[in-house]
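Engineer: Quick one: the structure is below, questions incoming.
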Amino acid sequence: MNSRTEHAPARPRTRRGAGRCVAALACLLLVAGCGGGNSGAAGVPTQVGEPDAGVGGVRAPSDAAGGTLRLVTGPLDSLDPQRSYLPGVWNLMRLYVRTLVTYSSEPGHTDELVPDLATDLGTSPDGGRTWTFTLREGVRFETGQPITSRDVKYGIERSFASDVVVGGPTYVVDLLDDPADPYAGPYQDESPGRLGLPSIATPDDRTIVFTLRTPSPDFPFVMALPSSSPVPLDADTAGDYGRDPVSTGPYAITSVDPQVGVRLARNPQWDPATDDVRTALPDEVLVRTGLTAVARDQALLAGSADIDLSGTGVHQATISRLDDGDLAARIDDVTSGAIRLLALPTTVAPMDNPHCRAAVAAVVDRSAVQDALGGAQHAVRVSQLWPRALAGAPEDPDPEPDLAAAREALAACGKPDGFGTVLAVADATTSVAVAESLAADLAEVGIQAEVRPLDPATYYAAGVGKPDAVTAAGYGLVMATWTADFPTPPSFLVPLVDGRSIRAVGNTNYARLADPGVNALVDAARAAPDPAAATDAWWQVAAAAAATGAYVPLAENRVQLLAGQRLRNGVVMRPYSSYDVATAGVR
């Protein structure tokens with residue numbers, strides 16, 4: 001018998017009130033305070049296993065149900081699926097949010113999509129402009145109400161209410177809205193019968209059809225975001241929905257406290273027969289929030305936590321302890337997909353000259369950058385615009401600095417003695433250290449880069465995310481870290497290098513690269529006839545963008561995930577750089 005069917009039936013759950021959580025929080029405090037040993041009262045021996053056991057396989061396999069899964073993380077942005085933009089929160093949402101499609105929980109394939117609420121990955125008869133999904137039968141909200149196509153549509157429409165539902169991704173707005181007649185969201189919908197967004201049709205309760213502004217082969221990945229999840233209209237409390245989101249998954253939130261954390265209990269309306277992804281082994285889940293990196297590491301080491309949701313891995317101060325054999329065996333080492341790069345805005349002189357850009361690229365010492373990032377345990381040197389987890393790129397050449405080539409390029413750009421510029425960087429210790437290392441490299445050929453730290457809280461929004469502000473401030477060099485929301489080449493490349501992606505606000509084409517040849521290659525890649533041809537075509541995009549010198553890739557962040565002492569079924573969820581909570585157990 002499948003272990004998922006052996007759980008004791010949960011008590012029917014009612015909607016929560018303000019005074020509902022005293023006992024739950026007392027329990028949370030008790031469990032969170034347990035220190036050292038092999039998880040205290042749980043009586044479960046420490047699992048060791050092998051290093052990287054959860055990367056392509058399963059760490060400590062077990063199908064035993066029961067117990068409490070204990071999670072730790074930093075601050076949460078929102079428990080509202082349409083308002084969160086933190087991968088760690090998206091991982092947590094796998095427990096109470098279901099979408100049409102989702103990421104696989106199969107070891108080694110967690111960056112691939114599988115059906116979830118839908119019966120398949122969607123079908124498109126016209127190259128990705130029109131997408132049709134069919135909902136499974138028997139899927140319900142925690143209230144017992146059947147999930148219909150209109151609930152999915154309504155959940156997506158909430159992202160259009162930019163005056164109320166803020167903070168989450170807006171891919172659906174970009175893909176489904178009509179610029180000539182913008183949709184303002186369900187709270188301002190004055191259409192007859194409140195028909196909602198015209199680009200989403202719901203011909204019946206189980207069918208939903210999307211008509212996109214432009215073809216998008218990656219659209220199923222957009223549907224895998226929690227922001228594309230169903231929300232029942234009668235339970236929507238607008239901006240307060242995150243206080244009590246309605247569950248579609250195996251667990252439901254029963255208490256939330258900003259100081260202590262979040263508690264989730266079993267959702268009796270979840271039917272494992274409709275869910276091929278989640279195993280739902282623990283009886284309950286407790287989440288301690290707002291913890292520092294060091295505090296999260298200490299909780300994992302002491303046995304009072306099983307998984308760190310944050311996706312940042314262990315703190316540098318903890319690394320020295322990993323020489324211990326037992327601790328080393330509990331580590332899963334992964335590259336995160338987050339590429340640190342140097343952007344050279346083409347609208348700021350002399351970076352408008354490709355030879356000047358080439359001089360900068362030639363002098364960069366990636367080994368020094370790696371050292372500034374904490375060494376090989378924290379970063380992998382890269383010289384290509386292509387995350388390591390994406391297949392299709394040739395081996396990275398890992399070039400060393402070439403001062404002679406840099407001087408030749410300077411002569412070609414008319415600056416044989418070098419030039420002065422400003423290097424913008426977020427004011428964080430590690431980032432500033434990298435910037436200062438780069439400035440030292442550049443000084444060797446006469447390029448004087450003034451390192452200018454900017455407020456990290458507004459760095460991408462108000463600092464380097466406004467092209468006109470970058471030009472006005474004379475930022476000839478911009479330090480950035482770029483991570484794609486989806487594990488696909490276009491998701492990584494298009495926002496960075498397609499000139500048509502440049503925006504006046506919230507810009508991610510940090511180099512302001514608007515090269516007609518690169519844009520043409522993007523169009524060709526989108527029109528590729530099959531996956532193999534598409535991968536090759538996207539690599540041509542990456543190579544062409546790199547050849548412009550507008551971006552200098554430096555390193556990819558590397559994280560060491562530490563498994564808690566009790567963690568069972570530890571599978572590394574690559575899109576979230578953590579362990580998959582959907583399959584985790586503790587027995």
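The values are calculated or read from the model by the stated rules, or taken from the named source; none is laboratory data. Here the structure is a predicted model, which is why all the values come from computation and not from measurement. Don't worry about glycine lacking a Cβ; one is built from the backbone with ideal geometry, like all the others, and counts go over all protein chains shown.
Engineer: Keeping to region 548-560, report how many residues are within 20 Å of residue 110 (Cα to Cα) and modelled with pLDDT of 95 or more.
Structural biologist: Narrowing region 548-560 to residues within 20 Å of residue 110 (Cα to Cα): 556-560.
Adding the requirement that they be modelled with pLDDT of 95 or more leaves 556.
Result for region 548-560: 1.
Engineer: Only residues that are free of Cβ contacts under 8 Å to residues at least 12 places away in the same chain and part of a helix (DSSP H, G or I): list them for region 517-535, please.
Structural biologist: Once the filter is applied, which keeps residues that are free of Cβ contacts under 8 Å to residues at least 12 places away in the same chain and part of a helix (DSSP H, G or I), region 517-535 yields 520, 523, 531, 532, 533.
Engineer: Which of the residues spanning region 224-245 are part of a helix (DSSP H, G or I) and of a type outside the set (A, V, I, L, M, F, W, C)?
Structural biologist: Across region 224-245, the qualifying residues are 226, 227, 228, 234, 239, 240, 241, 242, 243.
To keep it simple, each residue is scored yes or no on (1) under 26 Å from the mean Cα position of the chain (by Cα); (2) more than 20 Å from residue 113 (Cβ to Cβ); (3) not in a loop (DSSP other than H, G, I, E, B).
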| residue | (1), (2), (3) |
| --- | --- |
| 166 | yes, yes, no |
| 172 | yes, no, yes |
| 175 | yes, no, yes |
| 181 | no, yes, no |
| 198 | no, yes, no |
| 222 | yes, no, yes |
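Engineer: Within region 315-323, is there a residue that is in contact (Cβ under 8 Å) with a residue 12 or more places away in the chain and assigned to a loop (DSSP other than H, G, I, E, B)?
Structural biologist: yes
Engineer: Before we move on, is residue 505 within 23 Å of the chain's Cα centre (by Cα) and either closer than 30 Å to residue 330 by Cα or in a strand (DSSP E or B) (or both)?
Structural biologist: Here the answer is no, as residue 505 does not meet what is asked.
Engineer: From the set of residues in region 324-361 that are of a type in the set (S, T, N, Q) and under 21 Å from the mean Cα position of the chain (by Cα), which is surrounded by the fewest Cβ atoms within 10 Å (Cβ to Cβ)?
Structural biologist: Looking at the filtered set, the residue picked out is 335.
Engineer: If we keep just the residues of region 449-465 that are among the aliphatic types (A, V, I, L, M) and in contact (Cβ under 8 Å) with a residue 24 or more places away in the chain, which is farthest from residue 480 (Cα to Cα)?
Structural biologist: This residue is 449.
Engineer: Among the residues of region 170-205, how many are closer than 14 Å to residue 132 by Cα, of a type in the set (D, E, K, R) and in contact with a Lys or Arg (Cβ under 8 Å, 6 or more places away or on another chain)?
Structural biologist: Adding up the residues that qualify gives 1.
Engineer: Considering only region 429-454, state which residues are surrounded by fewer than 15 Cβ atoms within 10 Å (Cβ to Cβ) and at pLDDT below 95.
Structural biologist: Passing the criteria: only 429.
Engineer: Restricting to region 444-476, give me the number of residues that are of a type in the set (A, V, I, L, M, F, W, C) and within 16 Å of residue 422 (Cβ to Cβ).
Structural biologist: So the answer is 9.
Engineer: Then there is this: Has region 485-504 got at least one residue that is within 15 Å of residue 345 (Cβ to Cβ), surrounded by 18 or more Cβ atoms within 10 Å (Cβ to Cβ), aromatic (Phe, Trp, Tyr) and not assigned by TED's automatic domain parsing to the domain that holds residue 128?
Structural biologist: no
Engineer: Can you tell me which of (1) under 28 Å from the mean Cα position of the chain (by Cα); (2) in a loop (DSSP other than H, G, I, E, B); (3) closer than 20 Å to residue 96 by Cβ is the one residue 156 doesn't meet?
Structural biologist: (2)
Engineer: Right, next: Hey, any hits in region 49-61 for a residue that's at pLDDT below 90, closer than 25 Å to residue 296 by Cα, assigned by TED's automatic domain parsing to the domain that holds residue 305 and hydrophobic (A, V, I, L, M, F, W, C)?
Structural biologist: no
Engineer: Hey, residue 545 hits all of (1) at pLDDT below 95; (2) under 24 Å from the mean Cα position of the chain (by Cα); (3) assigned to a helix (DSSP H, G or I) but one; which does it fall short on?
Structural biologist: With (1) at pLDDT below 95; (2) under 24 Å from the mean Cα position of the chain (by Cα); (3) assigned to a helix (DSSP H, G or I) applied to residue 545, the lone miss is (1).
Engineer: Checking residue 64 against (1) more than 30 Å from residue 145 (Cβ to Cβ); (2) modelled with pLDDT of 95 or more; (3) hydrophobic (A, V, I, L, M, F, W, C); (4) surrounded by 16 or more Cβ atoms within 10 Å (Cβ to Cβ): exactly one of these is not met. Which one?
Structural biologist: (4)
Engineer: Still on this model: If we keep just the residues of region 165-190 that are β-branched (Val, Ile, Thr) and crowded, with 19+ Cβ neighbours inside 10 Å, which is farthest from residue 229 (Cα to Cα)?
Structural biologist: 165
Engineer: Being in the same structural domain as residue 551 (by TED's automatic domain parsing), in contact (Cβ under 8 Å) with a residue 60 or more places away in the chain and surrounded by fewer than 23 Cβ atoms within 10 Å (Cβ to Cβ) is true for just one of 367, 383. Which residue is that?
Structural biologist: Exactly one residue qualifies, and that residue is 383.
Engineer: Which members of region 111-151 meet the condition of being under 22 Å from the mean Cα position of the chain (by Cα), closer than 24 Å to residue 266 by Cβ and either among the polar types (S, T, N, Q) or not in a loop (DSSP other than H, G, I, E, B) (or both)?
Structural biologist: Matches in region 111-151: 114, 115.
Engineer: Here's a follow-up. In this structure, does residue 526 turn out to be among the charged types (D, E, K, R) and touching an Asp or Glu at 6+ places or on another chain (Cβ under 6 Å)?
Structural biologist: no
Engineer: Go through region 462-502 and give me each residue that's within 21 Å of the chain's Cα centre (by Cα), among the small types (Gly, Ala, Ser) and under 24 Å from residue 534 (Cβ atoms).
Structural biologist: 484, 491, 501
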